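The values are calculated or read from the model by the stated rules, or taken from the named source; none is laboratory data. This structure is a prediction, so every number in the text was calculated from the model and none was measured. Positions of Cβ are generated from backbone atoms using ideal geometry, with glycine treated the same way; all protein chains shown enter the neighbour counts. These area figures cover heavy atoms from the full protein model, side chains too; ligands, DNA and RNA do not enter into them. Shrake-Rupley method; radii C 1.70, N 1.55, O 1.52, S 1.80 Å.
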Amino acid sequence: MIPDPTDVSRRLDMALAGVAATFQGMTAHRQESNCECHWGSAEELALLKTPDVPLDDDLLRRTYWTTDWHYPGPLLRRILPQLTQGLVAGRVEPMAGMESLGRLFTAGRWQEWPTGQRDALREFLDTWWLHVLVEPDAKVPAHEALTLLAEITTKLTPWLTVWAELLADTVARRRLVTAVDEWMYDLLGDALPWSSWHNEDTWCPVLSLWVLRHAPAALREHDASPELHDHMRLLGLPYADRWDR
């Protein structure tokens, strides 16, 4: 069943509100620190230790870019309401791709948070994924969202399963064509299309098999280039045979 975009939008608004309410009043750890020469000033650090004060886009960006926080869990909880809003709006710009943002969640050990906090974050992730797949005006490409979701949750297959279930939707099929075009160079080299901290060796064949199963019809429907069709054919061959032409 194709979800109604209006229902998805309403659920996403509720998920964002849930994150905002759940993480209201959070602050960075009182002993958190960072280098003023590469991160920011003492005054900016003090803002992270002050609850519910909005951060400007530049300060927020520098905060989630940075990987050497001493207490990443409290820091992530502090910025999560704005970060989730920024993801929906397409304003999140990780320095080294979405996988780098996923590493902040890994370092923050969000799956060990109290149940209510975990549930609020997970509801956002689930609903944002639906939004990315079926909303024509979604600001983040599906392949980038998938990277982030896989890295945050350390799981790939559940997100691919949802995408496959939604391929009856035109927008979800179009997202797949774009993703395959982005992924194909790496997949042909038996490489995952992003740098993962988790299951890179096992995720690559899973993604390749999923693409082989679900992408050909979408590529035909959307008049993909002959080169992309040829690459799809090569992807179905054993690695050594792809280059023996």
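In the context of the full set of protein chains, residues of the chain present 49 Å² of accessible surface per residue (probe radius 1.4 Å, heavy atoms only). For the stretch 1-140, the square roots of the Cα gyration tensor eigenvalues, ordered a ≥ b ≥ c, give a/c of at least 1.5 with a/b greater than b/c, which places it in the prolate category.
Calculated from the structure at hand, Rg/Rh (Cα atoms, Kirkwood Rh) is found among (i) 0.99; (ii) 0.93; (iii) 1.01 as (iii). Taking the longest Cα principal axis of the chain as reference, the axis of helix 5-22 is set at about 30 degrees.
Along the charge dipole of the stretch 184-245, pointing to its positive end and built from +1/-1 on Cβ of Lys, Arg, Asp and Glu, which listed residue (His231, Pro216, Val206) has its Cα farthest out? Value: Pro216. Maximal additional length on extending the Thr6-Glu165 stretch stands at 55.4 nm, based on 0.36 nm per residue less the C-alpha distance. May I ask you to derive the relative contact order of the stretch 42-107, considering only C-alpha pairs under 8 Å and at least 6 residues apart, and to give it as an integer percent? It rounds to 38 percent for the stretch 42-107. Per-residue ellipticity at 222 nm from helix content only, as computed over the chain with -39500 (n - 2.57) for each DSSP H run of at least four residues, stands at -20500 deg cm²/dmol.
In terms of its C-alpha gyration tensor, the stretch 189-245 has an oblate overall shape, because the principal axis ratio a/c (a ≥ b ≥ c, square roots of the eigenvalues) is not below 1.5 and a/b does not outweigh b/c. Relative to the dominant Cα principal axis of the chain, helix 98-108 is inclined by about 50°.
Split the chain at each of the chymotrypsin sites (Phe, Trp or Tyr not before Pro) in a DSSP loop with at most 15 other beta carbon atoms within 10 Å, and the longest piece is 1-196. Site pair Tyr71 and Thr106 shows an inter-label distance of 2.4 nm when each label is modelled 7 Å from Cα along Cα→Cβ. Selection among Gly116, Leu101, Pro141 by position relative to the dipole of the stretch 91-141 gives Leu101 as farthest towards the positive end (Cβ unit charges, Cα centre).
Put Val134, Val88 in order of accessible area, highest first, and with a 1.4 Å probe you get Val88, Val134. Which of the trypsin sites (Lys or Arg not before Pro) across the stretch 1-81 are loop residues per DSSP, with 10 or fewer other Cβ within 10 Å? Qualifying residues, ordered by number: Arg30. What FRET efficiency would be calculated for the residue pair Glu36, Arg174, taking the C-beta separation as r and a Förster radius of 45 Å, to the nearest 0.05? So, using R0 = 45 Å, E works out to roughly 0.50.
Computed on the Cα trace of the stretch 1-64, the radius of gyration divided by the Kirkwood hydrodynamic radius gives Rg/Rh = 1.17. Would you work out if the stretch 127-225 is rounded, prolate or oblate? Take a ≥ b ≥ c from the square roots of the eigenvalues of the alpha-carbon gyration tensor; rounded if a/c is under 1.5, else prolate when a/b is larger than b/c, oblate otherwise. It is oblate, given that a/c is not under 1.5 and a/b is not larger than b/c.
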